[in-house]
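First up is the structure itself, then whatever we jot down about it.
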Amino acid sequence: MSSATATGWSETSWTGVAANHPFGMHTLPYGVFTDAAREQPRVGVAVGDAILDLTAAAAALLPELLTLFGGGTLDALLAAGRQTWTAVRAALTEWLTDEQYADVLAPLLVPASGTTMRLPFTVADYVDFYSCEQHATNVGRILRPGQPPLPANWRHLPAGYHGRAGTVMISGTPICRPPGQRRLPDGTVTFASSSALDFEAEVGFVVGASSTSGRPVPLTDFADHVFGVCLVNDWSARDIQAWEYLPLGPFLGKSFATSISPWVIPLDALAVARVRPPPREPRPLPYLDDTHTEPWGLDITLEVRLNDQLVSRPPFAGMYWTAAQQLAHLTSNGARLRTGDLFASGTVSGAAPEQRGSLLELSWNGSSPLTLDDGATRSYLADGDEVSITATAPGPEGSTIGLGEVRGRVRGQVPAHVSA
């Protein structure tokens with residue numbers, strides 16, 4: 001007998017996964033994995049502490065859609081569009097809550113601990129926004145003391161920059177300390193390894209269905225194009241960034257590495273987490289005005305750990321600009337969306353000091369170093385430091401939706417240029 005309901009998941013599943021597990025029946029995120037028995041990457045769905053081999057499951061139970069899962073990435077599924085995304089999730093609902101499928105699927109559940117996660121999709125383009133008022137205000141006060149903390153345009157549009165798709169990497173990939181030009185306090189310009197390496201706790205949005213060039217995507221079409229959500233650490237070399245960012249913004253201080261979590265959580269899993277964003281003043285222009293549309297604020301709480309110590313809990317619900325507004329602005333000039341486009345929220349910070357989503361803010365650019373439990377202090381990251389970002393959101397029936405983890409360890413510097 002099926003235990004799925006018309007409105008979503010029941011708490012009952014033949015898998016035995018606890019109802020309150022972050023990767024329980026209400027979450028079901030998608031990723032790509034390999035293990036000792038499978039050398040080729042496989043599409044999988046996290047089910048508690050296990051992974052359902054969706055490539056094999058589709059071959060047995062949904063052969064007409066096997067092409068969506070046979071390529072070793074989520075690319076085909078992303079491109080298939082909203083109707084197919086809904087149908088696949090409904091099929092998973094039935095498979096995992098109806099005992100008639102247990103004999104077929106139980107052998108296809110593999111322990112997550114024995115797998116290696118891969119980059120889940122081919123990143124087409126990468127854009128990073130700057131949409132948290134608290135973060136932008138803190139940065140303005142740190143870097144431009146005595147001046148208005150927010151640029152004149154900030155409350156009128158979601159500001160952002162284009163990053164490098166080729167340096168988006170899967171969680172766990174070591175992070176090299178980048179070299180670059182920077183200006184020392186005495187005015188000397190030098191080329192050396194960054195001494196101000198930082199993390200940025202962010203939420204990323206994965207584009208599935210493409211759009212037509214020359215046709216902006218309105219706010220109301222957000223869910224037709226965005227497949228799901230992942231976690232992002234947009235590593236930043238603050239000293240390189242500070243020297244280069246005028247007049248065109250971040251470049252080499254950002255482009256060396258961006259880490260993402262291995263699991264993409266479908267938008268449908270976050271339906272209960274949707275909230276109204278904070279009040280906006282002035283009212284956005286019509287193409288960004290969501291006053292009378294369904295809200296796309298999300299009640300997500302991030303946790304940032306440095307060397308396994310909790311150092312921050314940034315609240316995503318307070319983001320000034322939503323992902324729907326970011327997408328509408330990104331395409332407002334007619335720019336085309338492609339399957340696999342990734343855009344990130346920008347650093348998430350809250351009003352309280354313990355809610356700041358970067359070391360730039362937590363240490364106030366080094367003027368108030370962060371003290372760790374072992375007595376060590378950090379203004380910025382040291383070699384060997386490991387940063388972990390996790391997140392959760394409320395789900396239906398009091399459940400918790402987990403967004404997984406993005407983790408990275410600083411391993412040392414990039415080799416310097418060799419002179420002829």
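The values are calculated or read from the model by the stated rules, or taken from the named source; none is laboratory data. Because the structure is a prediction, the values reported are computed rather than measured. Note: ideal-geometry Cβ built from the backbone for every residue, glycine included; neighbour counts use all protein chains shown.
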Of (1) crowded, with 24+ Cβ neighbours inside 10 Å; (2) in a loop (DSSP other than H, G, I, E, B), ALA324 satisfies every one except (2)
Scanning the range 373-420 for residues that are under 23 Å from PHE191 (Cα atoms), small (Gly, Ala, Ser) and at pLDDT 95 or above gives SER379, ALA382, GLY384
Residues of the range 243-285 being of a type in the set (A, V, I, L, M, F, W, C) and at pLDDT below 95, in sequence order, are LEU246, LEU248
Requested in this report: Kindly indicate whether any position in the range 270-280 is in contact with a helix residue (DSSP H, G or I) (Cβ under 6 Å, 6 or more places away or on another chain), assigned by TED's automatic domain parsing to the domain that holds ASP299 and in a helix (DSSP H, G or I).
Outcome: yes
Of the listed residues (GLY334, GLY357), the one being in contact with a His (Cβ under 7 Å, 6 or more places away or on another chain) and either in contact (Cβ under 8 Å) with a residue 24 or more places away in the chain or of a type outside the set (Lys, Arg) (or both) is GLY357
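Quick grid of which residues meet (1) in contact (Cβ under 8 Å) with a residue 12 or more places away in the chain; (2) not polar (S, T, N, Q):
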| residue | (1), (2) |
| --- | --- |
| ALA351 | yes, yes |
| GLU361 | yes, yes |
| THR371 | no, no |
| ALA376 | no, yes |
| SER379 | yes, no |
| GLY384 | yes, yes |
| ILE389 | yes, yes |
By my count, strands (runs of 3 or more DSSP E) wholly in the range 34-111 with at least 1 residues that are free of Cβ contacts under 8 Å to residues at least 24 places away in the same chain are 38-47
Filtering strands (runs of 3 or more DSSP E) wholly in the range 129-244 for at least 3 residues that are assigned by TED's automatic domain parsing to the domain that holds GLY297 and touching a Ser or Thr at 6+ places or on another chain (Cβ under 8 Å) gives 168-170, 179-183, 201-207, 226-233
